[in-house]
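What follows is a short report on a single structure.
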């Protein structure tokens, strides 16, 4: 039985401290983060969508000299990020509804986007596209194939979903984005499936 997507927010609120304790800070994501930022310049503005506690993804971007805005729907997760970086730009919003009023040079949604249902993911891609400048970069972790599964946050099950690679490519194209990379279950990133795209 799959976890219920309606429970995701409550799970993160309950599990914020436990999640942060268990979350790897070893930066196994570094190779993909470097590939993503190779198309950007230090000082440019990156949106970390579903930023959680800010560690390690937002921390990496800040250390590399990028201007980072972190958005998350969990107040408990954001409280940890704000405690670590009181001067950071941490905003409480849901990625299904966010409207920040300006565009970014890059948007990353690592281990967050895949908590949305397939329908919500399509809507979120359109919203992300509107928040990207022309030539801006997008990177998401998704599933290797279409379907729904359950993952774990802290000690609780949590919902995951994915479109197929072809469906992602079509949805991106419909929103003015072109897929530039897709690697299913990359063994160098703890078997994460990574998608990259550029806004045309």
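Just so you know, all these numbers are worked out from the coordinates, no wet-lab data involved. Note that the structure is a prediction, hence the values are computed from the model and not measured. Every residue, glycine among them, receives a Cβ derived from its backbone with ideal geometry; neighbour counts consider all protein chains shown.
Each helix, a run of at least 4 DSSP H residues, gives -39500 (n - 2.57); summed and divided by the residues of the chain, these come to -9500 deg cm²/dmol at 222 nm. Take 150-159, 105-114 and order them by the average number of nearby Cβ atoms within 10 Å per residue, most first; the result is 105-114, 150-159. For region 5-199, the fraction of alpha-carbon pairs lying more than 24 Å apart is 33 percent, rounded to a whole number. Cβ-to-Cβ counts within 10 Å put 32, 90 in ascending order as 32, 90, the fewest first.
Annotation: extensible slack from residue 173 through residue 150 equals 5.4 nm (criterion: 0.36 nm per residue apart, minus Cα-Cα distance).
Taking a ≥ b ≥ c as the square roots of the eigenvalues of the Cα gyration tensor, region 61-108 is oblate, since a/c reaches 1.5 or more and a/b is not larger than b/c. When every Cα-Cα distance of region 5-52 is counted in 10 angstrom steps from zero, the calculated P(r) takes the values 19, 38, 30, 13 percent. Principal axis extents of the Cα atoms in region 1-94, from largest to smallest and rounded to whole angstrom, are 42, 30, 23.
Under a Gaussian network description of the chain, with springs only between Cα atoms under 10 Å, the residue in 33, 116, 163 that fluctuates furthest is 33. Restricting the calculation to Cα atoms, every distinct pair contributes to the Kirkwood radius of region 125-200, found to be 13.2 Å. Mind giving me the FRET efficiency for residue 64 and residue 100? R0 is 35 Å, r the Cβ-Cβ distance, nearest 0.05 is fine. Between residue 64 and residue 100 the formula returns 0.95.
Residue separation of residue 164 and residue 182 scaled by 0.36 nm, minus their Cα-Cα distance, works out to 5.4 nm of gained length. Size descriptors for region 49-147 (Cα atoms only): Rg and Dmax, in that order, 13.2, 39 Å.
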